[in-house]
Amino acid sequence: MTISNSEINLIKLFKNGDEKAFEKLFERHHKKLYGFLFKLLNSRQDTEEIVQDTFIKVWERREEFMEGYSFDAYLFKIAKNAFLNLNRKRVNRKIIESDLYFEKEKTSCDTEEYILFQETRDIINSIIEGLPPKRKEIFILRRIDGLSRKEIAEKLDISVITVDSQLLKANKYLKDELKKYSLLLVILSLS
């Protein structure tokens, strides 16, 4: 498969951290990736989540990308791994849920877990508050109100690609901030 000159130039810019080049690569490749994953998952929500996670990982690993290598192949390899991880998580979640069900039968509501849940919720809410206003609005419409990407685009009079781009940036921000909180909790528990 021959890689076009415009694709090669975009990849070079992307590797150097050019967000516009990354957005163009996203625009070129996300529909194909979405279609492929939707056939496997038959779930819009799961497909959108894996597409977002895949592009976040591609951005985070941009310096590792080897020029001359097919961007599609790289993208689909990461997506395949994300798909496999999702399936592993589902299996593990079912095992954990069955264990929790039995544990719940044995004990009453655990105050520590409730406090931890409340604190985690507060941390996530404060992170969401740190998003730029438009990105926050798009994130809330998608993740909290459950609107589809198309519904958000229509409601805000923007393109679906803009919605996807903003969700991608919001998810990356949230993951980065949650990592900081995790590190902070580890440091505090060691002191």
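Quick note: the coordinates plus some simple rules give every number you see, no bench work behind them. Note that the structure is predicted; figures quoted are calculated from it, not measured. Cβ coordinates were reconstructed from backbone atoms using ideal geometry, including for glycine residues, and neighbour counts include every protein chain displayed.
The set of residues from region 130-158 being in contact (Cβ under 8 Å) with a residue 40 or more places away in the chain and of a type in the set (Lys, Arg) comprises just one member, 149.
All of 36, 55, 76 fail the test of being in contact (Cβ under 8 Å) with a residue 12 or more places away in the chain, within 22 Å of residue 173 (Cβ to Cβ), of a type in the set (Phe, Trp, Tyr) and part of a helix (DSSP H, G or I), apart from 55.
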